[in-house]
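Where a number appears in this text, it was derived from the coordinates with a stated rule and is not lab data. Model, not experiment: these values are computed from the prediction. As a convention, Cβ positions derive from the backbone with ideal geometry for all residues, glycine included, and neighbour counts pool all protein chains shown.
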Amino acid sequence: MTPQELRALCLSFNAAVEEFPFNPETSVFKVLGKVFALSSLDKEPLTVNLKCDPEDAVRLREEYAGVVVPGWHMNKRHWNTVTVGALPDRLVRELVEDSYDLVVAGLPRAERLRLDRP
């Protein structure tokens with residue numbers, strides 16, 4: 001998956017936006033003001049921080065040791081840093097979607113319904 005494909009994937013979700021609150025190099029993808037993905041799209045190797053269920057986070061870190069690690073500069077219990085090119089594209093897409101869904105699940109019900117994600 002290329003940086004452009006990762007950006008397009010993150011922006012493909014309802015109400016997703018890209019912002020640069022930290023610096024011009026770090027893309028922060030949000031849904032209704034809440035972060036679901038962060039990436040420095042120009043860095044090699046390409047990595048992305050994604051929210052993850054705590055139990056799944058541990059399992060993924062064990063299964064993909066060195067490729068999925070605790071989230072850099074994030075709450076290590078809820079975030080993973082994923083090396084994009086070292087995983088199948090399908091898995092990366094699933095992890096990004098899971099991150100988006102976890103963030104949306106934490107939104108008030110009215111906002112979830114507006115996003116068509118009850």
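Quick look at the values:
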item: Selection from A110, A37, V17 lying farthest towards where the dipole of the chain points positive, charges on Cβ; result: A110
item: On Cα atoms only, tilt of 89-105 relative to the major axis of the chain in degrees; result: 40
item: Surface/4 of the Cα convex hull for segment 3-114, nm²; result: 6.7
item: Percentage relative contact order, the chain, counting C-alpha pairs under 8 Å, at least six apart; result: 22
item: Value of [θ]222 nm, deg cm²/dmol, for the chain, DSSP H segments ≥ 4, -39500 (n - 2.57) each, nearest 500; result: -10500 deg cm²/dmol
item: Long-range HN-HN contacts of A37 with modeled amide H, under 5 Å; result: F29
item: Taking S99, S12, S27, S39 and counting other C-beta atoms within 10 Å, the order from fewest to most; result: S12, S27, S39, S99
item: Relative exposure of R90, R7, R114, judged by other C-beta atoms within 10 Å (fewest first); result: R90, R114, R7
item: GNM result for the chain, Cα springs below 10 Å: residue of P70, P54, P108 fluctuating most strongly; result: P108
item: Proxy reagent accessibility, fewest Cβ within 10 Å first, across T81, T47, T2; result: T2, T81, T47
item: Of K43, K51, K76, the one that fluctuates the most in a GNM where the chain has Cα springs shorter than 10 Å; result: K43
